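Data first, discussion second: the structure below is written as structure tokens.
Since every read-out is calculated from the coordinates, none of them should be taken as a lab result. Note that the structure is a prediction, hence the values are computed from the model and not measured. Don't worry about glycine lacking a Cβ; one is built from the backbone with ideal geometry, like all the others, and counts go over all protein chains shown.
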């Protein structure tokens, strides 16, 4: 920038200090670090939830900056309402993180020992501050975000190893284990009415959605036959369906809102007589069965949900195929005795399909049964071909939550809109909701996605317009049409 000043000599001398001051401001005006992403966790906050801060910071300054890490945090927040600050024992770890010019990094907050607790429902504004050091000087930048805290009538607190009850669409939260369980549906209730004599007792099947460590596992079902409890396992825990109430009668028709289920979650080691572990390597699934009961295991029945068993191998045991997705392996003289392990080698059509197992003693009496849902490996990066109206483009995602949301869209489980900013090229789009790409000029853009779930997020520029005028958070939607690793 060229600066030309025309002043008489006397005026120049009289205003020399003023001119130098203005020139100094021009020369030494520094660029600042920048929030390129800022959001809270969980995305849908309910009263009682602990709120975490997540941000991506890029160092736009010409010099290296530093900020605290480990148990300390450079992020803090001030809330205008609905949040209280709690003090808890803090860890003692401390480090200094360096961020060179042009680099970016992810940071979380608040510091250990500080908890932001949602205390009331309603719209909440937060001023988030990132504090850093530039040389010997401590500086900070701030950014405001708005979010809505929801009532908790659909969430209850639960504890490990203790039974709890849920109604339809209600969620139980085990805070110490960071586990959430939601009762989502009653898929079947063919139980014999209590006032009728039946040859077959029937069964009740419910659907649950489980979130562990903020990662949503696939939805799975529990079926109680004849009122007997049933157990399934996930990530080192077991969930037991104790009962489904009320019991049907011949005169009353049950609606879904009438149902109440009793559940209990325990660690696998604490509850089961038989420990089952699964390791997936390439196309091979290794199912390890450890007998911790007093009965010898003579046979194992394996059933795979919505997938075929292509191959099964055990050392010294015979096998018998029941159907394409069920197999029984057995022995008469080489049982699994207490404390010993047998490994079954499986090749499945879908290696991440749900596996149900049952182990029997020498008289074909059931020793233990259960089911497990294999955890899919963390996806480091995926590319998604996205179509918006008549435009198609490819986006690359590395954030696990964003990847899962895009995969869900591909399977028609959500609706979203893409927003972003131009990184390389010319032209682009008018901020922040419209996305108009010219393939000849746009080379690369940073993107984020906005779920059309009726909740505001940090990407909208003018929430009032979309709430009061447009009446929607998705003026038009995007669609994932292809996924590539």
Full-extension gain in nm, residue 105 to residue 197, via 0.36 nm per residue minus C-alpha separation: 26.5 nm
Rounded to 5, percent antiparallel among DSSP beta bridges of the stretch 87-155: 100 percent
Segment residue 286-residue 131, length gained on full extension (0.36 nm per residue, minus Cα span): 50.9 nm
Residues 80, 364, sorted so that the one with the fewest Cβ neighbours within 10 Å comes first: 364, 80
Gain upon complete extension [residue 156, residue 98; 0.36 nm per residue less C-alpha separation]: 16.7 nm
Spatial separation of Cα centroids for the stretch 127-159 and the stretch 278-331, in angstrom: 48 Å
Ratio of the Cα radius of gyration of the stretch 274-372 to 2.2 N^0.38 Å, where N counts its residues: 0.99
The stretch 33-149 pair-distance distribution - Cα-Cα, 5 Å bins, rounded %: 2, 11, 22, 23, 18, 13, 8, 3, 0
Alpha carbon centroid spacing (whole Å) that separates the stretch 79-121 from the stretch 177-207: 43 Å
Least to most buried among 411, 298 (fewest other Cβ within 10 Å first): 411, 298
Relative contact order for the stretch 33-149, counting Cα pairs under 8 Å that sit 6 or more residues apart, in percent: 32 percent
Kirkwood Rh in Å, taken over all unlike Cα pairs in the stretch 173-256: 14.2 Å
Burial ordering of 254, 278, fewest other beta-carbon atoms within 10 Å first: 254, 278
